[in-house]
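Engineer: One structure, as structure tokens, below. Some questions next.
The values are calculated or read from the model by the stated rules, or taken from the named source; none is laboratory data. Just so it is clear, the model here is predicted, and its values are computed rather than measured. Note that we place each Cβ from the backbone using ideal geometry, even for glycine, and neighbour counts take in every protein chain shown. Side chains included, ligands, DNA and RNA excluded: accessible areas come from the protein's heavy atoms. Shrake-Rupley method; radii C 1.70, N 1.55, O 1.52, S 1.80 Å.
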Amino acid sequence: MGSIRRLAVDVACPGCGRPNPLLLPEASCGNEFVWHARCGGCGAYRWFNSREDQSFVLAVKETARRRGEPGGLSPEGTLQAHAAFEATLDPCACAGCFHVVREIPDERCVGCGGPLQGVPIPQGAAAPVDVAPLRGA
């Protein structure tokens, strides 16, 4: 599968001032089967299909089995499943590690690690970006 098109804005970190590209909130996890991963080193985004990526599906199923949560994972179980999945991922070209993006506004600055939640989104500054697949890119 190839790249998908999303809209992104650069948001300046209130702590260090570094620009952080953020996908617009409609790209948040759970809105569709296409979920995103973000590199903690450079901030690059990748996408994966949460129903078709076998490592992701296995991480969720194994975590649910281990935790006794067959009807759906608790918030703690979800974090554990994501961590298990993330452990299967190759590093980014920058040598950073990818993590599952749960909610775009909850992402942290890739420079200082500070919170970006609540930082105003620049109006009219959205630009289309191509997001490569997480696997096979």
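Engineer: Scanning for something farther than 14 Å from VAL131 by Cβ, without any contact (Cβ under 8 Å) to a residue 24 or more places away in the chain and touching a Lys or Arg at 6+ places or on another chain (Cβ under 7 Å), does region 36-55 turn up at least one residue?
Structural biologist: no
Engineer: Give me the residue from region 98-113 that is assigned to a loop (DSSP other than H, G, I, E, B) and surrounded by fewer than 15 Cβ atoms within 10 Å (Cβ to Cβ) and, out of that set, nearest to the chain's Cα centre (by Cα).
Structural biologist: GLU103
Engineer: Could you look through region 31-65, keep only residues that are basic (Lys, Arg) and outside any helix (DSSP H, G or I), and pick out the one that is most open to solvent (accessible area, probe 1.4 Å)?
Structural biologist: If we filter region 31-65 for residues that are basic (Lys, Arg), which is where we start, we get 38, 46, 51, 61, 65.
Subsequent filtering for residues that are outside any helix (DSSP H, G or I) retains 38, 46, 51.
On the way: ARG38: 2, ARG46: 64, ARG51: 160 Å².
Among those residues, the one meeting the criterion is ARG51.
Engineer: If you don't mind, another one. Which condition breaks for ALA95 when tested against (1) at positive phi; (2) within 13 Å of the chain's Cα centre (by Cα); (3) among the hydrophobic types (A, V, I, L, M, F, W, C)?
Structural biologist: (2)
Engineer: Residue by residue through region 79-97, note down the ones that are open to solvent by 30 Å² or more (accessible area, probe 1.4 Å) and either assigned to a loop (DSSP other than H, G, I, E, B) or modelled with pLDDT under 95 (or both). Quick ask: steps written out before the conclusion?
Structural biologist: Our first condition is that a residue be open to solvent by 30 Å² or more (accessible area, probe 1.4 Å); within region 79-97, this holds for 79-80, 83-84, 86-88, 90-91, 93-95, 97.
Scanning region 79-97 gives ALA87, THR88, ASP90, PRO91, ALA93, CYS94, ALA95, CYS97.
Engineer: Which residue pairs have Cβ atoms closer than 6 Å, lie 6 or more positions apart in sequence or on different chains, and pair a first residue in region 59-87 that is over 25 Å from ARG46 (Cβ atoms) with a second residue that is in a helix (DSSP H, G or I)?
Structural biologist: Sorted first by the residue in region 59-87, then by its partner, the pairs are ARG67/GLY77; GLU69/GLY77; PRO70/ALA64.
Engineer: Right, here's the next one. Considering only residues that are within 18 Å of PHE33 (Cβ to Cβ) and charged (D, E, K, R), which ones fall in region 54-72?
Structural biologist: Within region 54-72, LYS61 is the sole residue that qualifies.
Engineer: In region 66-78, which residue that is out of contact with any Ser or Thr (no Cβ under 6 Å at 6 or more places or on another chain) and part of a helix (DSSP H, G or I) is most open to solvent (accessible area, probe 1.4 Å)? Give the steps one after another, and end with the answer.
Structural biologist: First pass over region 66-78, keeping only residues out of contact with any Ser or Thr (no Cβ under 6 Å at 6 or more places or on another chain): 66-76, 78.
Filter again for part of a helix (DSSP H, G or I), leaving 66-67, 75-76, 78.
Working: ARG66: 140, ARG67: 83, PRO75: 88, GLU76: 106, THR78: 29 Å².
The selected residue is ARG66.
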